[in-house]
Amino acid sequence: MQLVDVLAPDRIAVDISVSSKKTLLEKAAELLSTAPGSAGSRDIFDSLCQRERLGSTGLGHGVAIPHGRVDSQAEVSGAMIRLKRPIDFDAPDHEKVDLFFALAVPGQCTDTHLRLLAEMAERLGRESQRHALRTIDDPDELLRLLSTSPADAQAQ
């Protein structure tokens, strides 16, 4: 399973305005809960908050990957949010964050969860990917970009 397999255009939100980490996590939970097999937004929100309490999911370079395991979640769901204005997300480089990839994962999907996080870290570690994700406005185009392998996307 790859990131593109858990995303859909209706779970990609571009140029959203939020003022806080809490509001961002609420929006992510709302988007994630619309996927088939998803838990309710409240359960997902609680899971995302619980994970953030362990430590920020900010990666640096303006990127964060909030994620959580939800026992009532039947399928992995993903969402992408790009903010109009970056917010503080306690990232290790102290940069504000504007790109978010959120995951809600069934409690028993440890391997899938880790593979998806590794893929996101690899993709989002590349400046060319971050630049494209910040400049493409159409959710279908963003999904197409994410359907290319990270190495192919680097060559573009």
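The values are calculated or read from the model by the stated rules, or taken from the named source; none is laboratory data. This is a predicted model, so every value here is computed, not measured. Methodologically, a virtual Cβ is constructed for each residue, glycine included, from the backbone with ideal geometry; neighbour enumeration extends over all protein chains shown.
Only one of the numbered conditions (1) surrounded by fewer than 21 Cβ atoms within 10 Å (Cβ to Cβ); (2) over 22 Å from residue 141 (Cα atoms) is violated by residue 127, and that is (2).
With respect to residue 92, determine if the residue is more than 11 Å from the chain's Cα centre (by Cα), surrounded by fewer than 21 Cβ atoms within 10 Å (Cβ to Cβ), within 26 Å of residue 140 (Cα to Cα) and not basic (Lys, Arg). I'd like the intermediate steps shown before the answer.
On the way: more than 11 Å from the chain's Cα centre (by Cα): yes; surrounded by fewer than 21 Cβ atoms within 10 Å (Cβ to Cβ): yes; within 26 Å of residue 140 (Cα to Cα): no; not basic (Lys, Arg): yes.
So residue 92 does not fit the description; no.
All conditions in (1) at pLDDT 85 or above; (2) part of a helix (DSSP H, G or I); (3) among the charged types (D, E, K, R) hold for residue 98, with the sole exception of (2). Does the range 103-121 include one or more residues that are among the β-branched types (Val, Ile, Thr), modelled with pLDDT under 95 and either surrounded by 22 or more Cβ atoms within 10 Å (Cβ to Cβ) or on the phi > 0 side of the Ramachandran plot (or both)? Yes, some residue in the range 103-121 is among the β-branched types (Val, Ile, Thr), modelled with pLDDT under 95 and either surrounded by 22 or more Cβ atoms within 10 Å (Cβ to Cβ) or on the phi > 0 side of the Ramachandran plot (or both). Residues in the range 8-27 that are in contact with a Leu (Cβ under 6 Å, 6 or more places away or on another chain) and crowded, with 20+ Cβ neighbours inside 10 Å: 11, 12, 25. In the range 28-61, the residue that is surrounded by the most Cβ atoms within 10 Å (Cβ to Cβ) out of those that are over 20 Å from residue 71 (Cα atoms) and over 11 Å from the mean Cα position of the chain (by Cα) is 59.
Screening the range 44-84 for residues that are part of a loop (DSSP other than H, G, I, E, B) and acidic (Asp, Glu) and picking the one that is nearest to residue 1 (Cα to Cα) gives 75. Residue 18 meets the conditions (1) touching a residue at least 60 places away in the same chain (Cβ under 8 Å); (2) assigned to a helix (DSSP H, G or I); (3) under 14 Å from residue 99 (Cα atoms) in every case but one. The failed one is (2). Within the range 83-127, the set of residues being under 17 Å from residue 55 (Cα atoms) and in contact with a Pro (Cβ under 7 Å, 6 or more places away or on another chain) comprises 96, 97, 100, 102.
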